[in-house]
Each structure stands twice: as structure tokens, then as C-alpha cells.
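The values are calculated or read from the model by the stated rules, or taken from the named source; none is laboratory data. On a predicted model such as this, the values are computed, not experimentally measured, just so you know. Cβ placement follows ideal geometry from the backbone for every residue including glycine, while neighbour counts extend to all protein chains displayed.
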Amino acid sequence: MIYGYLRVSTEAQDLESQKIGIDSYCEKNNIVIDQWVTEKVSGMKEVKSRRLGTLQAKLRKGDTLIAAEISRLGRSSLMILSLVEKLFKRGVTMIFIKQGLNLEAGDGNLQSMMAKMFVCFSALYAEMERELMKGRVKEGIERRKRQGLPFGRPGGKPWLGSPMKPYLPEMKRLYSEGRSLSELAKIFPFTVSGISRALRSAGIITRPRGYHAA
């Protein structure tokens, strides 16, 4: 069986971009998805408490799991590595499109070991990127405070004219990768409602659409 796995963090987010990416990859490689497994839940939630945990329990040797990127499995590098290791030992092939990674379960040969090393680096990089972003935003806040400049969204003013504008490209990227509004509010110096208004004004947040597992 070949499974396509899609995850975003909130009901307001759209699974469409991930599905398009997987569909495109499958078309180029003559792959047909047998079943889609989708969920709208934080990546910090334990795997066993998600649909991904249910999928993990029924994956068997020879099955394939395809995801748009490795961070869809979870936000913690330890969580990702633990899941990948379990599935690898069980004989499940894993494909992560963004990383260009096709992790075929093997017998410990060099190719398999190199792929596993790449998974480690990819998971750690995703977590490190999140922490670095939080650090850069914090430094930006401190710098504006020292300069006596305001930060955050000024009340009653359009967000396009506020200090939020320089952050918007990164907000859009993180949101499209599945970060929730609450996660963005922890990274950037703005409220959830302010970030939501900005993304809606930019046409990033739309009516939620999803796909349901068979």
C-alpha cells in the first residue's frame, strides 16, 4: 500500500498545497496513492495521539509513506527520528519530497545508512531553523526597544503600514509549511489576531479545505 500523509496545524489552514506537491511527484514517478491520511493538528502532539499514530500501527513491510516534507511528521527532531527509525526497521519506504529523500528500507547497506544520516540532519535542521527564527525576532524586538521604536501592530492602522510588513514574507513561508497562528505568535512580536488579519489581507488564509482518509 502507498499512503499519502498530509498535516497542517489548524482548521484554518489548507492541505491543498501539500497534496498538489505529492500528486505532482507521483505523476512524474508513476506512483498511485492508495490512501490519503490527513489531519489538522499540532506537530508537537504525540504521534500515538494523532492519525499518524494509527497509520504507523498498520504500516507493514513493503508499504510506502509519502509526505510533502519531513516536518509534517512532527516538530521535534527526536519525535521524527524515533518514528522514522521504527518504520525503517519494519521495512517501510518513506519519501519526503521537499528534502528529495527516498528512504528505502534495506539491509544496512551504504545507501540506506547515508539516507538515515540525511534524515537526522533534516530533522535537526528543521528544529534549528525554528529556534534561530525565534532568536532573530527577539533580537529585532530588543533593537527596536533600544531605539525607542514601536513594535507590534498599531491599533486602528492597516497592517501594511505597520512594523509587521518586513516579517510578512517569512510569516507566509512558515504558515504555508504548516505552522499554526499560535506558533507564529510565539515566533513573531505580534498577536494571533494581528497575524491572522495580515495573512487574510495577503490572501494566504482562505476557507479551509481538506481531504479525508478513506
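Taking first residues from region 4-19 that are of a type in the set (Val, Ile, Thr) and partners that are in a strand (DSSP E or B) and surrounded by fewer than 24 Cβ atoms within 10 Å (Cβ to Cβ), the Cβ contacts under 7 Å between residues at least 6 apart in sequence or on separate chains come to Val8/Lys40; Thr10/Lys40. In the set Ser71, Ser82, Ser77, only one residue is modelled with pLDDT of 80 or more, buried (at least 19 other Cβ atoms within 10 Å of the Cβ) and out of contact with any Ser or Thr (no Cβ under 7 Å at 6 or more places or on another chain); that residue is Ser71.
Is region 36-50 home to any residue that is touching a Phe, Trp or Tyr at 6+ places or on another chain (Cβ under 6 Å), among the hydroxyl-bearing types (Ser, Thr, Tyr) and either surrounded by fewer than 20 Cβ atoms within 10 Å (Cβ to Cβ) or farther than 22 Å from Lys172 by Cβ (or both)? Yes, that holds for at least one residue.
Under the condition of being of a type outside the set (S, T, N, Q) and over 17 Å from Ser42 (Cβ atoms), the residues counted in region 172-204 number 13. Checking each residue in region 15-34 for being assigned to a loop (DSSP other than H, G, I, E, B) and surrounded by fewer than 19 Cβ atoms within 10 Å (Cβ to Cβ) picks out Asn29, Asn30, Ile31, Val32, Ile33, Asp34.
When every residue of region 35-55 is checked against the conditions, none turns out to be modelled with pLDDT of 95 or more, under 19 Å from the mean Cα position of the chain (by Cα), of a type in the set (Gly, Ala, Ser) and not in a helix (DSSP H, G or I). Of all the numbered requirements in (1) within 30 Å of Ala198 (Cα to Cα); (2) at pLDDT 95 or above, Asn30 misses one, and that requirement is (1). Among the residues of region 56-95, those that are touching a residue at least 40 places away in the same chain (Cβ under 8 Å) and part of a helix (DSSP H, G or I) comprise Ile70, Ser71, Arg72, Ser77, Ile80, Leu81.
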